[in-house]
There are 2 protein chains.
Amino acid sequence: MWILRVNMNDRIYRLSEVPEAYKNLGGRGTTSTIVYDEVPPLCHPLGPNNKLVFAPGIVTGTAASTSARVSAGAKSWLTGGIKESNAGSSWASYLANMRIKALIVEGQPKEKGKYWMAHITWDDGAGKPKVSFLPADPYTGKDLYEVFPKVYEQFGARAAIAGCGVAGEYGYGNSGIAYNDLGKRPSRYSGRGGLGTVMASKGLKFIVLESKGAPGVAIANKEVFDRGAKKLTEALREHAITKPKGGLNTYGTAVLINIMNEAGGLPTRNFSSGRFEGAAKIAGEAIFEGVKNRLGKEVYNHACSPGCIIQCSNTWYKPDGTEHTSCVEYESDWALGANCGIDSLDDVAEMVRLCNAYGLDTIEAGTTLAVAMEAGVIPFGDGKKAIGLVQEMGKGTPLGRILGGGTEFTGRAFGVTRVPTVKRQSMPAYEPRAVKGIGITYATSTMGADHTAGYTIGPEILGVGGKVDPLSPEGKAALSRGFQATTAFIDSTGHCLFIAFAILDIPSGFEGMMEECNGVLGTNWASEDAAKIGGEILRKERAFNEAAGIGKAEDRVPEFMKFEPLPPHNQVYDVPDKVLDSVYGEL
Amino acid sequence: MWILRVNMNDRIYRLSEVPEAYKNLGGRGTTSTIVYDEVPPLCHPLGPNNKLVFAPGIVTGTAASTSARVSAGAKSWLTGGIKESNAGSSWASYLANMRIKALIVEGQPKEKGKYWMAHITWDDGAGKPKVSFLPADPYTGKDLYEVFPKVYEQFGARAAIAGCGVAGEYGYGNSGIAYNDLGKRPSRYSGRGGLGTVMASKGLKFIVLESKGAPGVAIANKEVFDRGAKKLTEALREHAITKPKGGLNTYGTAVLINIMNEAGGLPTRNFSSGRFEGAAKIAGEAIFEGVKNRLGKEVYNHACSPGCIIQCSNTWYKPDGTEHTSCVEYESDWALGANCGIDSLDDVAEMVRLCNAYGLDTIEAGTTLAVAMEAGVIPFGDGKKAIGLVQEMGKGTPLGRILGGGTEFTGRAFGVTRVPTVKRQSMPAYEPRAVKGIGITYATSTMGADHTAGYTIGPEILGVGGKVDPLSPEGKAALSRGFQATTAFIDSTGHCLFIAFAILDIPSGFEGMMEECNGVLGTNWASEDAAKIGGEILRKERAFNEAAGIGKAEDRVPEFMKFEPLPPHNQVYDVPDKVLDSVYGEL
């Protein structure tokens, strides 16, 4: 395996062996360790001393189900703390197949506004990856849907692409890194935390991979690996949420709209209610039915990346049956729908498409629009005007720059006090006042408000991995802590977090995940090691954040949630500070 | 003395006796203690739980020279930490004359966008102040130069006015509280830290004072007071900087332009050089000569507030001899001039006038324009376009909202990395890389970057209170700590900080200041108590900030100053972190 350093000061690269201490790391473990080890916590996120790190998971590139994930990490432009944001894409598998443990982008060109592409291929003769640099000028300032086909034309259909959109070029706090999906769309995202702008600040527009000839992932013990992969695959095929034609494959992640609305925890109109009267119109069921109506047949969802069993990615179609966008995720659907009071799937789909085109995180975009609505920029529920605001972001107008700055930034621009952020990152689609445990994750995660950092929604709402009362704060610190630690491990394996639905309910599935890792690495990890290893990662992330000035005072939900009761349960956020502090205090 | 609480939830007020613990406080000591005691550190600065506190100094309202200062304090909208910002105005004396130790504005109306005036007068019958509330609607959304005369018309020529401009109404991070000067202009400012927006968030547009019939300040020991006042007056009349027709009275604070330029510490074109080729054209000497040319006579400066001996406020005139604006302070002149590469006094004066009209801090405005210039919004040196940008702020356009957000906000909007801020507040007119001690004050002050928090320029540049090498970091932590503590005391006395020039060089002047306080309060403070009492205030401010999440990591100059050498000395900022940490560590 290689550590590949790309230095954008003068566009050179360097390959080195993987240090012993990094050998058993993958994904988030790799990116967070390298950021912790190499990035000065007080550096400017867009300056020459920040580093952007990409790392495939431990089992990424193997035959392990649902494991084509790549982590991107850096000091976040949005939060100012450490950031890891992972995505599923063939790009991840290619990186792994070329045995690149970590791709570290360093430095930045002196000349501003000039962009490059790094083209990474396998050099059969030398038996290692090689990098060439090409000008990206023809691709800058443009819609990624327009640009991706041209990049494929330039590099061939077998390429995989990662890149930033205009959001990154403009310097927005809201800017992700886009990766190709299996349909070559720029639709898979390391969306959160402004990593697109970190990439753009390095003068790097695209990283194009071609792994032809690469040796693939080395597996230390194939028997152990195969046994593990089989167990995990069986668990995924068995669980009601993850199995073929199960919840996710049929309705996509947006299956959660009705569930969260029923629970009174679907943040509506900028977190002023937990229930949206238009929920059914934008729910996963409505997407399924809508597609059936427009295409005249039932369509189950597809995989975002190679080797996925769950296959949760939907496609939305226009009334004439042509593709509108893929994919309308729950978070996007909620952020741009319910949270803006918008109940039209066509409007939501158009905004999702625009976010993908510009390189914007849909969650941050939707919560930003809702804050702008709260400020009176446009009315709640006006889908057409909301589309117009997303287009402003694409144009880089002054208003677009305000909105592109993200939710907290927009709140500051307009003096809004109801701003649902933690550590400057906006909350996703679960209301802390109605689901107390997820609020603990939002408040304490090293990532800023992030549902994927410790998805207590499993036991609190879905009855996965146990069943607890969402409205009670009791026991939730331990619950969140356990989920956060285990998640940090899963994010290191290269598996999609959605395997958690299956492996938390089916112990052999969890064993399978550990055995896959043992097979690849030659380790002897048991199931209980997952949280330990994840805990180590969290401690490093936390230490980075504290050195960057992000400590206990930032482990809090916004003040308004402490005194504004949320309908329909009319509860405030009542988890005491000392409980929040115990999450990392007792890690 | 009274604590007067004005509650804007439902516009009621309450008078209470001054608690024993507050009896010897004044000015900054009063505001910071009340903010520390009563404001939740994690509250939203624009929410109902922040409080805006006004307090006259200990000797304000008496015959003590140069003492008509009022402190305004709150949790800052700009920095997120504690804020005290003081100004000289007859408004301060009126407050003191009505024996109001602290005016605390609490709560906020439910209805947004509706503004009120609080009219505070002396009720002869009851022997205490009274408050009435009147609608401010006719005065909102307008230029303060247009509005102040109307408020005077409504309340009479003997009124004193404090209020916020449109910058506060729009919710800007850059927004001050304006007070009348002796010419009834809205030109004296608690400028820094976004307090105008805190005031506006309470639905409070103006606080109008009339102290007719009020008893005036109670003096415990008139003999001691008189003796002290005499000593201080003598010192002020003697020192070359503060005496009549001395440095400040002749050239105003802008006398520093040439001095700082010569020292290579005048930040130029967004802190990219320490020397400005156009410095002489905007220097205090040029203002004096320019006024002489346009009026045909020499004009010495005037007092901003009653009882000032120093009289440093200038007036700039148009070519036809009519008044353009008052006053062009050094900081404003530098920020809107040298730091933007602008060398036209007419352009600078117009921007100063506009900032006063809109309720903007001139320092923050100028550093913001320079960052926008760095981003390419307009070119450096283009005064007319710079005026246009200030006008955008006055209109509340999206671009105006970006700029109104302040320097760091504008840097984020455009992805600029050379952003000269500490704790989100912009640096004033002294370059840390050329004057190491002032950088320590900027970095460590509880206020964010603030020259008035610990003006080491005295010994480092002016040879006041000693003489040390500005380029050396040696001994500067102790120097800054001492200045910060003594300053916190002076800010509590009600004296203008400019008395420091005299009292640091003339020990009897310092004694005089202490004796004035002893005379008013009946205390027995000696000169060495000043830093002790100031240190207590700093400790409270620091504790508030730490609870608000602003700790050591925020006690740093921006990263670029650590690796970009500054011409002409070509030095970076080389004060080690542990030295910065020792400022409060050893307080």
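The values are calculated or read from the model by the stated rules, or taken from the named source; none is laboratory data. Since we're looking at a predicted model, the values are computed, not measured. Using ideal geometry, Cβ is built from the backbone for each residue, glycine included, and neighbour counts are taken over all protein chains shown.
Within region B:458-471, residues that are touching a residue at least 12 places away in the same chain (Cβ under 8 Å) and within 14 Å of B:ILE440 (Cβ to Cβ) have Cβ atoms under 8 Å from residues that are among the basic types (Lys, Arg) and in a loop (DSSP other than H, G, I, E, B) in these pairs: B:PRO459/B:LYS467, counting only partners at least 6 apart in sequence or on another chain.
Within region A:1-54, can you find the residues that are of a type in the set (Gly, Ala, Ser) and under 20 Å from the mean Cα position of the chain (by Cα)? Those that are of a type in the set (Gly, Ala, Ser) and under 20 Å from the mean Cα position of the chain (by Cα): A:GLY26, A:GLY27, A:GLY29, A:SER32. For region A:541-566, a residue qualifies if it is more than 14 Å from every other protein chain (Cβ to nearest Cβ) and surrounded by fewer than 20 Cβ atoms within 10 Å (Cβ to Cβ), and exactly one does: A:PRO565. When the residues of region B:573-587 are filtered to those that are part of a loop (DSSP other than H, G, I, E, B) and modelled with pLDDT under 95, which remaining residue is surrounded by the fewest Cβ atoms within 10 Å (Cβ to Cβ)? Only one residue fits best here, namely B:GLU586. Residues that are in contact with a helix residue (DSSP H, G or I) (Cβ under 9 Å, 6 or more places away or on another chain), in a loop (DSSP other than H, G, I, E, B) and among the hydroxyl-bearing types (Ser, Thr, Tyr) within region B:293-323 comprise B:TYR300, B:SER305, B:THR315, listed in sequence order. When the residues of region A:422-438 are narrowed to those that are more than 19 Å from A:TYR330 (Cα to Cα) and not basic (Lys, Arg), which ends up nearest to the other protein chains (Cβ to nearest Cβ)? Ranking the candidates gives A:VAL422 first. Comparison of A:GLY394, A:GLY388 shows that the only residue that is away from chain B (no Cβ under 12 Å) and without any contact (Cβ under 8 Å) to a residue 24 or more places away in the chain is A:GLY388. Can you tell me which residues in region A:160-178 are of a type in the set (A, V, I, L, M) and either in a loop (DSSP other than H, G, I, E, B) or within 14 Å of chain B (Cβ to nearest Cβ) (or both)? A:VAL166, A:ALA167, listed by residue number. Pairs linking a residue in region A:282-294 that is not assigned by TED's automatic domain parsing to the domain that holds A:MET260 and crowded, with 17+ Cβ neighbours inside 10 Å to a residue that is assigned to a helix (DSSP H, G or I) and at pLDDT 95 or above, with Cβ atoms under 6 Å and 6 or more positions apart or on different chains, do not occur.
Listed by first and then second residue, the pairs with beta-carbon distance under 8 Å, at least 6 apart or on different chains, first residue in region B:39-50 and closer than 19 Å to B:GLY196 by Cβ, second of a type in the set (Lys, Arg) and part of a loop (DSSP other than H, G, I, E, B), are B:VAL39/B:LYS51.
Taking the criterion of being more than 9 Å from every other protein chain (Cβ to nearest Cβ), aliphatic (A, V, I, L, M) and surrounded by fewer than 24 Cβ atoms within 10 Å (Cβ to Cβ), the only residue of region B:35-45 that qualifies is B:VAL39. Residues in region A:474-493 that are part of a helix (DSSP H, G or I) and small (Gly, Ala, Ser): A:ALA477, A:ALA478, A:SER480, A:GLY482, A:ALA485, A:ALA488, A:SER492. It is to be established whether one or more residues within region B:360-370 are touching a residue at least 40 places away in the same chain (Cβ under 8 Å), among the small types (Gly, Ala, Ser), buried (at least 24 other Cβ atoms within 10 Å of the Cβ) and in contact with a strand residue (DSSP E or B) (Cβ under 7 Å, 6 or more places away or on another chain). Within region B:360-370, not a single residue is touching a residue at least 40 places away in the same chain (Cβ under 8 Å), among the small types (Gly, Ala, Ser), buried (at least 24 other Cβ atoms within 10 Å of the Cβ) and in contact with a strand residue (DSSP E or B) (Cβ under 7 Å, 6 or more places away or on another chain).
The criterion of being at pLDDT 95 or above, within 14 Å of chain B (Cβ to nearest Cβ), under 30 Å from B:SER201 (Cβ atoms) and part of a helix (DSSP H, G or I) does not hold for A:ARG418. Here A:GLY448 meets the list (1) outside any helix (DSSP H, G or I); (2) in contact with a Lys or Arg (Cβ under 8 Å, 6 or more places away or on another chain); (3) more than 14 Å from chain B (Cβ to nearest Cβ) almost entirely, failing just condition (3). Quick check on my filter: what residues within region B:401-415 are crowded, with 23+ Cβ neighbours inside 10 Å and over 21 Å from the mean Cα position of the chain (by Cα)? B:ARG401, B:ILE402, B:THR410, B:GLY411, B:ARG412, B:ALA413, B:GLY415 - these are the residues of region B:401-415 that are crowded, with 23+ Cβ neighbours inside 10 Å and over 21 Å from the mean Cα position of the chain (by Cα). Residue-level analysis places A:LEU232 outside the set of residues that are within 25 Å of A:PRO398 (Cβ to Cβ), in contact (Cβ under 8 Å) with a residue 60 or more places away in the chain and either away from chain B (no Cβ under 14 Å) or crowded, with 24+ Cβ neighbours inside 10 Å (or both).
Taking the stated definitions as given, is B:TYR139 within 14 Å of chain A (Cβ to nearest Cβ) and more than 17 Å from B:SER89 (Cβ to Cβ)? It is false that B:TYR139 is within 14 Å of chain A (Cβ to nearest Cβ) and more than 17 Å from B:SER89 (Cβ to Cβ). Listed by position, the strands (runs of 3 or more DSSP E) inside region A:1-83 whose residues that are at pLDDT 95 or above and aromatic (Phe, Trp, Tyr) number at least 1 are A:2-7, A:12-17, A:52-56. Looking across A:ASN570, A:ASN518, A:ASN524, one residue alone is closer than 17 Å to A:PHE225 by Cα, surrounded by fewer than 18 Cβ atoms within 10 Å (Cβ to Cβ), at pLDDT 95 or above and more than 14 Å from every other protein chain (Cβ to nearest Cβ). It is A:ASN524. When A:ASP382, A:ASP346, A:ASP333 are checked against the criterion of being within 18 Å of A:LYS318 (Cα to Cα), modelled with pLDDT of 95 or more and more than 23 Å from the chain's Cα centre (by Cα), a single residue qualifies: A:ASP346.
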